[in-house]
Amino acid sequence: MSRDGLSARHRLSARHVFRDSRRRDVRLLGALLLALGALWMTRPASAQMYDPRYPVCMHVYGELVGERMDCVFTSLEQCQVGAVGLPATCLVNPYYVPRSARPRRPER
(Lines give C-alpha, C1' and ligand atoms only; values in the text may rest on other atoms or scores of the structure.)
Protein backbone atom coordinates (compact mmCIF):
# COMPACT_ATOMS: atom_id res chain seq x y z
CA MET A 1 0.00 0.00 0.00
CA SER A 2 1.10 3.54 -0.68
CA ARG A 3 0.66 6.75 1.27
CA ASP A 4 -2.78 7.50 -0.22
CA GLY A 5 -4.11 4.12 0.92
CA LEU A 6 -4.60 2.68 -2.58
CA SER A 7 -2.77 -0.34 -3.85
CA ALA A 8 -1.02 -0.21 -7.20
CA ARG A 9 -3.72 -2.44 -8.66
CA HIS A 10 -6.51 -0.06 -7.59
CA ARG A 11 -4.65 2.95 -9.00
CA LEU A 12 -4.24 1.22 -12.37
CA SER A 13 -7.91 0.28 -12.34
CA ALA A 14 -8.92 3.90 -11.66
CA ARG A 15 -6.75 5.13 -14.53
CA HIS A 16 -8.30 2.56 -16.84
CA VAL A 17 -11.83 3.67 -15.92
CA PHE A 18 -10.89 7.33 -16.41
CA ARG A 19 -9.34 6.56 -19.82
CA ASP A 20 -12.46 4.59 -20.90
CA SER A 21 -14.80 7.41 -19.85
CA ARG A 22 -12.71 9.93 -21.83
CA ARG A 23 -12.92 7.69 -24.91
CA ARG A 24 -16.67 7.41 -24.49
CA ASP A 25 -16.98 11.20 -24.14
CA VAL A 26 -14.91 11.75 -27.29
CA ARG A 27 -17.08 9.25 -29.20
CA LEU A 28 -20.26 10.95 -28.00
CA LEU A 29 -18.91 14.35 -29.00
CA GLY A 30 -17.97 13.01 -32.43
CA ALA A 31 -21.43 11.50 -32.92
CA LEU A 32 -23.06 14.76 -31.83
CA LEU A 33 -20.96 16.80 -34.24
CA LEU A 34 -21.72 14.37 -37.06
CA ALA A 35 -25.47 14.57 -36.36
CA LEU A 36 -25.40 18.38 -36.18
CA GLY A 37 -23.48 18.52 -39.46
CA ALA A 38 -26.03 16.25 -41.13
CA LEU A 39 -28.89 18.41 -39.86
CA TRP A 40 -27.17 21.58 -41.00
CA MET A 41 -26.73 20.18 -44.53
CA THR A 42 -30.39 19.24 -45.01
CA ARG A 43 -32.85 21.55 -46.72
CA PRO A 44 -36.50 21.82 -45.84
CA ALA A 45 -38.82 19.86 -48.05
CA SER A 46 -40.41 22.00 -50.69
CA ALA A 47 -44.05 21.66 -51.61
CA GLN A 48 -45.33 21.61 -55.17
CA MET A 49 -44.10 24.78 -56.82
CA TYR A 50 -46.85 25.33 -59.38
CA ASP A 51 -50.52 25.75 -58.48
CA PRO A 52 -52.53 24.25 -61.37
CA ARG A 53 -55.46 26.64 -60.69
CA TYR A 54 -53.67 29.76 -62.02
CA PRO A 55 -52.21 30.30 -65.52
CA VAL A 56 -49.36 32.66 -64.52
CA CYS A 57 -46.61 32.32 -61.90
CA MET A 58 -44.07 34.75 -60.48
CA HIS A 59 -40.64 33.31 -59.72
CA VAL A 60 -39.14 35.43 -56.95
CA TYR A 61 -35.45 34.87 -56.34
CA GLY A 62 -32.70 36.22 -54.12
CA GLU A 63 -31.36 35.73 -50.63
CA LEU A 64 -33.04 38.78 -49.12
CA VAL A 65 -36.63 37.94 -50.05
CA GLY A 66 -36.24 34.17 -50.30
CA GLU A 67 -36.67 32.11 -53.41
CA ARG A 68 -40.23 31.05 -54.14
CA MET A 69 -42.80 30.43 -56.86
CA ASP A 70 -46.08 32.34 -56.51
CA CYS A 71 -48.78 30.95 -58.79
CA VAL A 72 -51.68 33.24 -57.96
CA PHE A 73 -52.01 35.39 -61.09
CA THR A 74 -54.62 35.25 -63.84
CA SER A 75 -52.62 37.25 -66.43
CA LEU A 76 -49.04 38.22 -67.25
CA GLU A 77 -49.94 41.89 -66.76
CA GLN A 78 -51.26 41.24 -63.26
CA CYS A 79 -48.04 39.36 -62.42
CA GLN A 80 -45.81 42.11 -63.82
CA VAL A 81 -47.57 44.71 -61.67
CA GLY A 82 -46.96 42.50 -58.62
CA ALA A 83 -43.31 42.00 -59.55
CA VAL A 84 -42.43 45.72 -59.60
CA GLY A 85 -39.44 46.33 -57.34
CA LEU A 86 -38.78 42.63 -56.73
CA PRO A 87 -36.11 40.39 -58.20
CA ALA A 88 -38.76 38.35 -60.01
CA THR A 89 -39.79 36.92 -63.37
CA CYS A 90 -43.33 36.22 -64.59
CA LEU A 91 -43.89 33.02 -66.54
CA VAL A 92 -46.67 30.87 -67.91
CA ASN A 93 -47.60 28.04 -65.55
CA PRO A 94 -46.74 24.78 -67.33
CA TYR A 95 -49.11 22.85 -65.03
CA TYR A 96 -52.16 25.08 -65.47
CA VAL A 97 -55.38 23.12 -65.98
CA PRO A 98 -58.33 25.20 -67.27
CA ARG A 99 -61.57 24.72 -65.33
CA SER A 100 -63.42 23.05 -68.24
CA ALA A 101 -60.72 20.36 -68.50
CA ARG A 102 -60.88 19.41 -64.82
CA PRO A 103 -62.70 16.19 -64.02
CA ARG A 104 -65.96 16.77 -62.15
CA ARG A 105 -67.20 14.79 -59.20
CA PRO A 106 -70.29 12.77 -59.91
CA GLU A 107 -73.39 14.12 -58.19
CA ARG A 108 -75.16 11.85 -55.75
Seminar exercise, completed: Taking only protein heavy atoms and a 1.4 Å probe, the highest-to-lowest accessible-area order of 58, 41 is 41, 58
For this session: Filter the GluC sites (Glu not before Pro) in segment 22-94 to those in DSSP coil with at most 13 other Cβ atoms within 10 Å of their Cβ, and list the result.
Result: 63, 67
For this session: Working with all protein chains in place, sort 49, 69 by solvent-accessible area computed with a 1.4 Å probe, largest first.
Result: 49, 69
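Sorting 28, 76 by accessible area (1.4 Å probe), largest first, what list results?
Numbers: 28 105, 76 65 Å².
The most accessible residue leads, giving 28, 76.
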Exercise. Using a basic spin-label model with each label point 7 Å from the Cα along Cα→Cβ, how many nm lie between residue 76 and residue 92?
Worked result: 0.8
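The values are calculated or read from the model by the stated rules, or taken from the named source; none is laboratory data. None of these values were measured; they are calculated from a predicted model. A quick note on method: Cβ atoms are made from the backbone with ideal geometry, for glycine too, and the neighbour counts reach across all protein chains shown. The accessibility values were calculated without ligands, DNA or RNA, using every heavy atom of the protein model including side chains. Shrake-Rupley method; radii C 1.70, N 1.55, O 1.52, S 1.80 Å.
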